[in-house]
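The values are calculated or read from the model by the stated rules, or taken from the named source; none is laboratory data. All values derive from a computational prediction rather than experimental measurement. Cβ placement follows ideal geometry from the backbone for every residue including glycine, while neighbour counts extend to all protein chains displayed. Note: areas computed on protein heavy atoms with side chains; ligands, DNA, RNA excluded. Shrake-Rupley method; radii C 1.70, N 1.55, O 1.52, S 1.80 Å.
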Amino acid sequence: MLSRWFATIVVTAALAPSVGRGEVTGKWVAELTSPTLLEPAYIRVVLERTGDAVSGVWGTEIVKGTVKGSTVTLALTDNGGRDNGTLTGKIEGDAGAGGGTMAGVGRRGGRGAAGAGARAPVPQEVAWKLTRELTPPAKPREINYDPTTFQAYYYAGNKPGIHIFPGDIVHTWAPDSGGMDKNLKRVALGPNSNIGPIYVEGALPGDTLVVHLIKIEPNRKTARQGSRIQQFGVTPAYNLAAKYDPGFNGEYQLDNATGIAVLTAPTPALKNFKVTMKPMLGCISVAPPGFEALTGPHLGVFGGNLDYNGTVSGTTMFFPVFHPGALFGFGDGHAAMADGEVTQTGLEVSMAVDFSVEVIKGYQTQGVREEDSDYIISFGVAGSLQEALKVSTAQLATWIKHDYGLSDSEVALLLGAVMKIEVTELVDPEFNVVTKVPKSSLAMLIKTPGTGN
C-alpha cells in the first residue's frame, strides 16, 4: 500500500509543471512525507502528457490527471478502480513539489490487504517532492576513485564520496582495519573505517544492490595478524591460563605473484609456516535502515563487518537497499583469514579493489547474500550463534523458494541433504553464520520461480 501512495505523489509532482508540455513526460522519482511516516518514502513513476491530460503507470496502479497553467491535479486509482487520493502541485524544470491526501499512508498491507472485506484505508495529509530520474551514460564508464574521506560509522547521514551509475567499473582502494594505506600512512580513524559511501544512481529503498567484486588484491607487501585468541573464541579457563608473549611478531611478508604469505620474523617452530593468501574484504555494506548509526566493528542486515573469507575476487554480493543511492562502502582488507576470526584479525592489509554494480528494482532481499562459481550463500547476523544460524537458513530457504518455486517440503529435503554451514564471525558485537547450497545441486531442479523474497 505504501508504494501506492508514493506512486501517486510522484505522478502529481511530474504533472505539476506548466512549463513545456514535454516536461511532464518521462521517468520520475518522488519523495513522500507524512505525519504517519517516520522517514520519507520513495517511488518510481512514468508519466506521459497529451495536451492538458496526463496519464501514468505505477506498478499496477493507474494515474490520470490534468494540467492547467502551472498547477497539476492528479487522481490515483488501483486496479479495481478504487480512489486512492488526490494530489496537486507545481513543477519547475526537472523538479516539483506539492501536497494532497492519500489513502493508506503508513500501512504496509500484505497481499490481498485491499481485497474483498478489507477495511478502506483512511485518507492522510501528505507532501511530495519530485525529481526526474537521471539518464545513465550511453555506455558504462571506467572510474578511478581515489578516496579522501573514510567513514567510521555505518550511517545514512554520511555524505557520499562519489556518485556512480549501474554498469560503471570502479578502480579504487581501501585502508586496512587500522586506517593505514599502502604506504603504512594512517589516513582514517579505526577500527574498520570504510571508503565512501558510494552513491549508486537509481537505487531506492525496496531495491537490491548487486555488487560484482572484480578484483581484491593487497596493495602493499606487509600484513599484520593478532596473536591472542579473543575471549569469545575459547573457554574462560583457557583464557586465564594462556601466557601470551607481548613481544610476539605477527607481521607477514606478502607475495601476490605466488599467493603465499610468510612471517617476517618467525620463531623456530614457525620457520616453515606459510599461509596461502585468499584476499578478502572484512567490511562491506550499504547504509543501515532508519536512523541507525553503528561503528565499524558492527554487522547486520545491511552488511558491515561480516568477515566472511569467501568475499573474494569474482564473487557477487546482494544487499537490501534502505536509502536512496544505497550508500555502499567497504574496507578492512585481509590477505587471508581463518573461519570465525578467532584472533579478532586476519592478515590485516590495505587493498586495491575493482568492482561494478547493478540494481534490481522493486525486489529487496531479506539480508545479505552472495554467489560464487560453486555456491549460493546466505548471511545470518544475530546476537547468538544459534539465532544467526536460524536467520541464515531461513533466508536461504526463502531465496530458493522464490527463485526455483519449490514447496516448503522440497526446500527442507534439499537443505537437509546438501546445505553447508560456516561460522564467519565469533568475536565482534554480533555473530555471523553463513549457510550455502552447491549450484551443482540447484542445477538438478526444474525451475518454476515463485513470488516471495
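Hey, any idea what % of the chain's accessible area is carbon plus sulfur with a 1.4 Å probe? Could the numbers behind the result be given before it?
Values: 11520 of 20610 Å².
The nonpolar share, carbon plus sulfur, comes to 56 percent.
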Per residue accessible area of region 213-254, 1.4 Å probe, in Å²: 65
With every protein chain present, what is the per residue accessible area of region 270-371 (1.4 Å probe, Å²)? 29
Given the rule -39500 (n - 2.57) for each run of at least 4 DSSP H residues, summed and divided by the residues of the chain, what is its mean residue ellipticity at 222 nm, to the nearest 500 deg cm²/dmol? -3500 deg cm²/dmol
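Say a site is exposed when it is one of the trypsin sites (Lys or Arg not before Pro), sits in a DSSP loop, and has at most 10 other Cβ atoms within 10 Å; what is then the longest site-free stretch of the chain?
Numbers: sites that count: R108, R111, R119, K185, K243, K271, K447.
Counting only loop sites that pass the neighbour cut-off, the longest clear stretch is 272-446.
So with the 1.4 Å probe, I'd like the accessible area per residue for region 20-82, rounded to whole Å².
Working: 3190 Å² over 63 residues.
Per-residue accessible area for region 20-82 comes out at 51 Å².
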For helix 408-418, what angle does its Cα long axis make with the longest principal axis of the chain, in degrees from 0 to 90 and rounded to 10? 20
What relative contact order, as a whole-number percentage, does region 351-444 give when Cα pairs under 8 Å and 6 or more residues apart are counted? 31
Quick query: amide H of Y252 versus all other amide H atoms, modeled in the peptide plane; which residues come in under 5 Å with a sequence gap of 5 or more or a different chain? A223, R224, Q225, T264
With the Cα gyration tensor of region 131-203 giving a ≥ b ≥ c as the square roots of its eigenvalues, does the rule (a/c under 1.5 for rounded; else a/b larger than b/c for prolate; else oblate) give rounded, prolate or oblate? oblate
Round to the nearest 10 and report in Å² the accessible area of V67, as given by a 1.4 Å probe over the protein chains' heavy atoms. 0
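Over the chain, what is the mean sequence separation of C-alpha contacts under 8 Å (at least six apart), divided by residue count, expressed as relative contact order in percent?
Reported as a whole number, the value is 14 percent.
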Backbone HN-Hα couplings from phi across region 345-351 [Karplus 6.51/-1.76/1.60, Hz, Gly and Pro as x]: 8, x, 7, 5, 7, 6, 10
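Could you work out the relative contact order of region 162-221? I mean the mean sequence separation of Cα pairs under 8 Å and 6+ apart, divided by the number of residues, in percent.
Details: 55 pairs, mean separation 20.9, N = 60.
Reported as a whole number, the value is 35 percent.
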C-alpha long axis of helix 385-404 to longest principal axis of the chain, angle in °: 50
